[in-house]
Each structure stands twice: as C-alpha cells, then as structure tokens.
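To start, the structure under review is shown below, and the notes come after it.
The values are calculated or read from the model by the stated rules, or taken from the named source; none is laboratory data. Values in this document were obtained by computation on a predicted structure and should not be read as measured data. For neighbour counting, all protein chains shown are included, and Cβ atoms are generated from backbone atoms with ideal geometry for every residue, glycine included.
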Amino acid sequence: MAETLPDVNALTFEAALKELEAIVAKLERGDVALEESIAIYERGEALKKRCEALLAQAEERVEKIRAQEGKAVGTEPFDAK
C-alpha cells in the first residue's frame with residue numbers, strides 16, 4: 001500500500017525543506033528502485049518549487065516592510081490579498 005503524502009502546496013517552508021532533504025539523502029544512498037527513484041525525484045522537484053515560491057513571498061514581505069520604513073528598495077510593494 002502506497003504512503004499518502006501531504007499536498008506539497010499545503011506545506012510550510014520548513015516542512016517542505018525537511019522532506020526535500022530526506023528525498024535527497026534517500027537518492028544519494030542509491031538503494032532505491034528505479035521507479036521509486038523517479039517518483040520521489042518528481043516529488044522533490046515539486047518541493048523545490050514550493051520552497052522557492054515561499055522564499056519569494058518572504059522576500060516580497062521584507063521589501064514591503066522596508067518600503068514602509070521609508071527605505072526605498074526599488075521594487076513594488078507586496079500586496080497580500
């Protein structure tokens with residue numbers, strides 16, 4: 001029976017990064033069957049994209065905070081609707 005994994009888009013940055021690190025370690029060991037390797041690699045790619053998106057959101061929030069403090073950052077403030 002296959003393990004049910006949480007939706008990547010519902011994970012926090014920390015949870016996604018932790019799972020991604022576990023996938024990398026598993027692949028580096030080299031003791032995973034080819035089909036499983038492909039499946040976990042695909043999940044790893046999705047986790048990587050999630051982490052990148054969350055980091056970009058955090059960066060936008062920091063830029064907005066800096067702009068509110070009167071320090072121009074040269075970017076448009078983040079609109080968290």
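Could you please find all residues in the stretch 9-24 being within 10 Å of G44 (Cα to Cα) and of a type in the set (A, V, I, L, M)? Let's see the steps before the verdict.
Step one: list which residues in the stretch 9-24 are within 10 Å of G44 (Cα to Cα), which gives 16-17, 19-24.
Listed by number, the residues that qualify are A16, L17, L20, A22, I23, V24.
All but one of (1) at pLDDT 95 or above; (2) surrounded by 10 or more Cβ atoms within 10 Å (Cβ to Cβ) hold for D7; state the number of the condition that does not hold.
It fails just one condition, (2).
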